[in-house]
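The values are calculated or read from the model by the stated rules, or taken from the named source; none is laboratory data. Remember, it's a predicted structure, so these values are computed and weren't measured experimentally. Backbone-built Cβ (ideal geometry, glycine too); neighbour counts: all protein chains shown.
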Amino acid sequence: MAESLPRVSARVLLPKASFQRVFDNLQAAGFTLLGPTVRDSAIVLEEITRVEELPLGWCDEQAPGKYRLEKKRGSRYFDYGVSSHSWKQFLFPPRRKLFSIEKHASQWTIKPNENGPGRRAFIGVRPCDLNAISIQDHVFVTGEFRDPHYSHAREQIFVLAVNCSRPSSNCFCTSMKTGPRATSGFDLALTELPEHFVVEIGSEAGSEIMRDTGWQLATAFDLGRAAQVTEQAEERIDREVRTDDLPQVLYDNLEHPRWDEVATRCLSCTNCTLVCPTCFCSTVEDSCDLRATVSERTRVWDSCFTLDFSRVHGGNNRPSIRARYRQWLTHKLASWIDQFGFSGCVGCGRCITWCPVGIDLTEELQAIRTKATP
Amino acid sequence: MAEQPIYDGRFVAELSPRAQEKVFAEAEMIQDNAGTIIFRAGDHSQYPFIIKSGQVVLEISVPPKGRRSILTAGPGELFSWSALVEPRVENASARASVDTEALRVDGETLMKLCEEDSSLGFEVRRTLAKVISSRLIATRLQFLDVFQVG
Amino acid sequence: MSVAFTPMETRLPLDPMLPQPAVIQAIQPEAAGISTFTLKFSDPAEAAAYRFQPGQFNMLYLPGFGEVAISLSSDPNEPGRLGHTIRYAGSVTRAIGRLKVGDVIGVRGPYGSAWPMEAGLGKNLVLVAGGIGLAPLRPVILAVLRERQAFQRVVLLYGARTPADLLYTAEFASWQEHGIEVHPTVDIGNESWRGLVGVVPQLFYRIRVDAKQTLVLTCGPEIMMRFVIYEALARRIAKDSIFVSMERNMKCAVGFCGHCQFGPSFICKQGPVLKFSALEPFFGREDF
């Protein structure tokens, strides 16, 4: 007997033919949909309105420094791993005006930028990325200071998560304990089957969005098939990363010769920090009009790999690529743990895929762990 | 035990043959390729070194300006005298600027020897004082920046 | 509309990046290229509410130019007049240097950790400063002078490049009179300088303190602080009793921008004042 709305934490079966109804319900509730779509030979995250815009039948092949898309026949909407885009660009935008100031004699009129992006639904959030969002929440919302734009935007997000069926060869969420299945932090979590989705209801908002979608309670058989998807995803992940000796193993090896070695390969191009879903460094730009009466302050993304990052008057604290690569890796895998209580890495593998010279941070960690030859 | 190389480096030359024999009894020859960092400032100072061939640059990192060289040491010269002076911590980094060969002696063993044999101890200390004193005078001259115009 | 969704219209909370306008009350030249700017918030409520502790800093903002982190150098018991000793070094500080009394600067703060005043109660304080590093230690001296009996010996070891670079020299006699032992030195003397010549860490040889009862507070060039720590440790002062004020590139001062990190510490939050025992694995490490 069908109830009109499923209960929170229920698991239901949704026919793929009704998936558009989910999109329609979200849009009717005022949500702009952001989700994966194919553009420029990659899967990007953009505004979408129709299910047909999802990468139906697309697969990806990833390796260190390599990303390829291939169209296969099939009915799968989410049969690929993560791509260069992550959800951080929507909560922590690459450029955001902070405020403007109008000066008249000694009178200052300060106008904070209070424009918010409104309600948005993230379609297809992978468990690693869910974790990454939660990590950035700790930086911008629940720390000592709060970023008002981030927290406001965050409250307005609807999360439609998707449990992975085909992780890429660069993934290692299993080692970082962030996937391949979402366990919390979502409004809906989908596991894709050939003709259906098994949907876990994560919140009342999620339940609401299932209205008139023809959902039915999932049977034990359905749940079994969903569990199989996750098992297969876990088996597909062959990258294993040891984390039990972090942060100490990196703190103890700050002069390891491997840092010199990786510095000969690293271009300091900042790709890794751009694609990393947890990297949060930023800088500010100040500009003013010709009469210097109206000025603006804008926050923009920054990267610890830039030469300017550690510039102070009189010099630079990290002038070499060796120093900057060491900073990035020890922050991501070690100091982050002391700062926030958990690792900064979610095992999404993006930095490995999008590094133009194919540096693999898991390989670097393992090499440093190995004792230096005297 | 390796053959005793003889240098006319100041430290060695001022020691009596008996002292030379005792000091270098357990000496080890090491070879470092150009670019090798032999020790870093702040490291525990374990060995005094005497260069046989090559060149070692002593540098101090002055953040945020970076590394500044303060002195070079060449064949016959002693570096890391701090291995023989408490608290035995390096105050500068040492880097081989060319392929370098140097003799090193375990500082702790030598200090113990000096304590047991007070006349050896006196000789080593007297010679060391001369090395450090000449370094100090050189440092003062460097610091006075005598080549500065105006 | 279902109550399950967060309401669309909600007021954003206050942005910690917003500056408050403050008026320049006084500009006191201290040394070549260094002046102390005394500021007062334009908003009386803000002026009345502001408090700071010795060692903390403000972000000073000139619209169109940028922001700089400047330590407070005035008396924490007089928070209505906030002193900032500024060296004209980059484009923002040089622009500040062109301002006059009555002009407005944006201020936000205070940020950062404070010198261990409470831990120092009943103990000896050895303050070791180099150059402009005396500025963030001056509030300690002023706070001590208000409660001199609460501390044992209070010693200032201070040096600068030349006599003209020494800060606050007009106050030394008064400090000395009220129980602060002041030992100034310079790297390079001149004909009229009758004081000590030599580097700051060597000043330790002029004093003798009971290591168990002493805190060392130091601020200056990192290389100087390294040798100060060396001298303090050589005198058996505990690593827990040595406090260092660190400086790094700062863009936000609230732990968001990531620039000021030094190992696991954000210099804007866990610092700028850090215990040496916490810093030890990283301090003095090249290019860190």
Residue set B:GLY121, B:GLY74; condition more than 29 Å from C:ARG161 (Cβ to Cβ), without any contact (Cβ under 8 Å) to a residue 40 or more places away in the chain and within 12 Å of the chain's Cα centre (by Cα); output residue B:GLY74
Picked from region A:36-71 (must be assigned to a loop (DSSP other than H, G, I, E, B) and not small (Gly, Ala, Ser)), the residue surrounded by the most Cβ atoms within 10 Å (Cβ to Cβ) is A:PRO55
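This table checks each residue for (1) out of contact with any Ser or Thr (no Cβ under 7 Å at 6 or more places or on another chain); (2) not aliphatic (A, V, I, L, M).
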| site | (1), (2) |
| --- | --- |
| C:ILE70 | yes, no |
| C:PRO79 | yes, yes |
| C:GLY83 | no, yes |
| C:VAL104 | no, no |
| C:VAL107 | yes, no |
| C:LEU121 | yes, no |
Scanning region A:181-218 for residues that are within 14 Å of chain C (Cβ to nearest Cβ) and of a type in the set (Val, Ile, Thr) gives A:ILE201, A:ILE209
Going by what's in this entry, would B:LYS130 be described as touching a residue at least 60 places away in the same chain (Cβ under 8 Å) and in contact with an Asp or Glu (Cβ under 9 Å, 6 or more places away or on another chain)?
yes
Within region C:11-47, residues small (Gly, Ala, Ser), more than 8 Å from every other protein chain (Cβ to nearest Cβ) and more than 17 Å from C:ALA135 (Cα to Cα) come out as C:ALA22, C:ALA45, C:ALA47
Of the candidates B:GLY76, B:GLY42, the one satisfying the condition of being in contact with a Gly (Cβ under 6 Å, 6 or more places away or on another chain) and farther than 27 Å from C:LEU233 by Cβ is B:GLY76
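Here's the yes/no breakdown for (1) crowded, with 17+ Cβ neighbours inside 10 Å; (2) more than 30 Å from A:PRO148 (Cβ to Cβ):
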| site | (1), (2) |
| --- | --- |
| A:VAL262 | yes, yes |
| A:ARG265 | no, yes |
| A:CYS276 | yes, no |
| A:SER282 | yes, no |
| A:SER287 | no, no |
| A:LEU290 | no, yes |
| A:ARG297 | yes, no |
Can you spot a residue in region A:349-357 that is farther than 27 Å from A:VAL125 by Cα, touching a residue at least 40 places away in the same chain (Cβ under 8 Å) and either of a type in the set (S, T, N, Q) or not assigned by TED's automatic domain parsing to the domain that holds A:LYS66 (or both)? yes
Those residues of region A:286-303 that are within 34 Å of the chain's Cα centre (by Cα) and touching a residue at least 60 places away in the same chain (Cβ under 8 Å) come to a total of 7
Item to check | Flag if A:ILE237 is β-branched (Val, Ile, Thr) and touching a Pro at 6+ places or on another chain (Cβ under 7 Å) | outcome: yes
Within region A:228-263, the count of residues that are over 30 Å from C:LEU279 (Cβ atoms) and either assigned to a loop (DSSP other than H, G, I, E, B) or of a type outside the set (S, T, N, Q) (or both) comes to 10
(1) at pLDDT 95 or above; (2) facing another protein chain (nearest Cβ under 8 Å); (3) within 25 Å of A:ASN253 (Cβ to Cβ) all hold for A:SER310 apart from (1)
Of those in region A:265-291 that are within 14 Å of another protein chain (Cβ to nearest Cβ) and touching an Asp or Glu at 6+ places or on another chain (Cβ under 8 Å), the residue farthest from A:ARG95 (Cα to Cα) is A:CYS288
**Message:** Tell me whether region A:334-345 contains one or more residues that are facing another protein chain (nearest Cβ under 10 Å) and either acidic (Asp, Glu) or part of a loop (DSSP other than H, G, I, E, B) (or both).
**Reply:** yes
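Residue by residue, here is whether (1) of a type in the set (Val, Ile, Thr); (2) farther than 28 Å from C:GLU30 by Cβ holds:
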position: C:VAL186; (1), (2): yes, no
position: C:ASN190; (1), (2): no, no
position: C:GLY198; (1), (2): no, no
position: C:ARG235; (1), (2): no, yes
position: C:SER277; (1), (2): no, yes
position: C:ASP287; (1), (2): no, yes
Those residues of region A:338-374 that are at pLDDT 95 or above, among the aliphatic types (A, V, I, L, M) and more than 18 Å from the chain's Cα centre (by Cα) come to a total of 5
inquiry  = A:SER106 - would you say it is in the same structural domain as A:LEU193 (by TED's automatic domain parsing), more than 19 Å from A:GLN156 (Cβ to Cβ) and among the polar types (S, T, N, Q)?
reply    = no
With criteria (1) under 30 Å from C:CYS260 (Cα atoms); (2) within 14 Å of chain A (Cβ to nearest Cβ); (3) outside any loop (DSSP other than H, G, I, E, B); (4) more than 14 Å from the chain's Cα centre (by Cα), B:GLY42 comes up short on (3)
Of C:SER265, C:SER192, the only residue that is in the same structural domain as C:ALA129 (by TED's automatic domain parsing), of a type outside the set (Val, Ile, Thr) and buried (at least 22 other Cβ atoms within 10 Å of the Cβ) is C:SER265
Within region A:175-227, restricting to residues that are touching a Gly at 6+ places or on another chain (Cβ under 9 Å) and assigned to a strand (DSSP E or B), the one that is nearest to A:ARG7 (Cα to Cα) is A:GLU200
Within region C:83-120, residues at pLDDT 95 or above, more than 18 Å from the chain's Cα centre (by Cα) and within 12 Å of another protein chain (Cβ to nearest Cβ) come out as C:VAL92, C:ARG94, C:ALA95, C:LEU99, C:LYS100, C:VAL101, C:GLY102, C:ASP103, C:VAL104, C:ILE105, C:GLY106
The residue from A:ASP245, A:ASP222, A:ASP238, A:ASP252 that alone is among the charged types (D, E, K, R) and within 14 Å of chain C (Cβ to nearest Cβ) is A:ASP252
task: Using the structure shown, decide if B:GLN31 is in a loop (DSSP other than H, G, I, E, B) and within 14 Å of chain A (Cβ to nearest Cβ).
output: no
Residue count, region A:92-129, condition in contact with a His (Cβ under 9 Å, 6 or more places away or on another chain) and hydrophobic (A, V, I, L, M, F, W, C), comes to 2
Scanning region A:125-161 residue by residue, those of a type in the set (A, V, I, L, M) and under 13 Å from the mean Cα position of the chain (by Cα) turn out to be A:VAL125, A:LEU130, A:ALA132, A:ILE133, A:ILE135, A:VAL159, A:ALA161
Being over 14 Å from A:LEU190 (Cα atoms) and not assigned by TED's automatic domain parsing to the domain that holds A:LEU188 narrows A:PRO6, A:PRO64, A:PRO36 down to just A:PRO6
